[in-house]
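First up is the structure itself, then whatever we jot down about it.
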Amino acid sequence: MGKNILCILSSPRQNSNSGLLAEAVLEGAAEHGGKAEVIRLVERNINPCHGCFACTRSDRGCVQHDGMTDLYPLIASADALVMATPIYYFNMSGQLKTFIDRCIAVDVGGGKRGLRGKKLAVTMAYEGEDPFDSGCINAIRCFQDICRYTGMELKGQAYGTALEPGAILANKKLLDEARELGRILLS
């Protein structure tokens, strides 16, 4: 039976480089029975977390009913997550950070650890010559810390330089690395 993958695309652009890398990850995962549902955050109206912690005190989940509400069951049933983000101003996109903040309702709501044991793959694209001067390294550290806190297993990242939409397609080596990440994602 196939394993469920929830792929979160956080770039507001069509044909985004981080999204194209995520597609390559999903191609690799499909070779091992991975079945993906792809969500574009720009198509959802997701409000920032209120910080009320109501989700931690009951099993009713988040008090907000917005574009995140129907994502909670998808997160809970996923075996793995793929998160794709451009690097904006030295870290992950605000859209992805808002999504991650709202995951508290599935992670600790009602005393559960809904993310524990899930696998995570991350794809990132940035302008600049390396992951340090672009800020990609800051995002990598954030994902490492998020996994340490939630108990998710960070299977790896695929990242590289690309500015114009679709430019990442010229980097065949990176696309192959992303497919390989997909192949090991569900292991």
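Name the single residue that is modelled with the highest pLDDT among those in the stretch 1-23 being more than 20 Å from residue 139 (Cα to Cα) and not β-branched (Val, Ile, Thr).
Only one residue fits best here, namely 4.
What are the residues in the stretch 112-138 that are modelled with pLDDT of 95 or more, small (Gly, Ala, Ser) and farther than 21 Å from residue 180 by Cα, if any?
The answer is none; no residue qualifies.
Suppose we filter 179, 183 for residues that are within 21 Å of residue 15 (Cα to Cα), in a helix (DSSP H, G or I) and open to solvent by 20 Å² or more (accessible area, probe 1.4 Å); which single one remains?
When all the criteria are applied, what remains is 179.
Output the residue which, of all residues in the stretch 78-104 that are farther than 17 Å from residue 39 by Cα and out of contact with any Lys or Arg (no Cβ under 9 Å at 6 or more places or on another chain), is most open to solvent (accessible area, probe 1.4 Å).
Restricting to residues being farther than 17 Å from residue 39 by Cα and out of contact with any Lys or Arg (no Cβ under 9 Å at 6 or more places or on another chain), the top hit is 89.
Go through the stretch 159-187 residue by residue and tally those that are modelled with pLDDT of 95 or more and within 16 Å of residue 30 (Cβ to Cβ).
Residues in the stretch 159-187 being modelled with pLDDT of 95 or more and within 16 Å of residue 30 (Cβ to Cβ): 10 in total.
Return a yes/no flag: does the stretch 151-169 have any residue that is of a type in the set (D, E, K, R), assigned to a loop (DSSP other than H, G, I, E, B) and open to solvent by less than 60 Å² (accessible area, probe 1.4 Å).
no
Which residues, taken from the stretch 134-150, are open to solvent by 50 Å² or more (accessible area, probe 1.4 Å) and farther than 15 Å from residue 107 by Cβ?
Once the filter is applied, which keeps residues that are open to solvent by 50 Å² or more (accessible area, probe 1.4 Å) and farther than 15 Å from residue 107 by Cβ, the stretch 134-150 yields 138, 141, 144.
The values are calculated or read from the model by the stated rules, or taken from the named source; none is laboratory data. All values reported here derive from a predicted model rather than from experimental measurement. Glycine gets a Cβ as well: all are built from the backbone with ideal geometry, and neighbour counts include every protein chain shown. The protein model used for the area step is the full one, side chains on, heavy atoms only, and it has no ligands, DNA or RNA in it. Shrake-Rupley method; radii C 1.70, N 1.55, O 1.52, S 1.80 Å.
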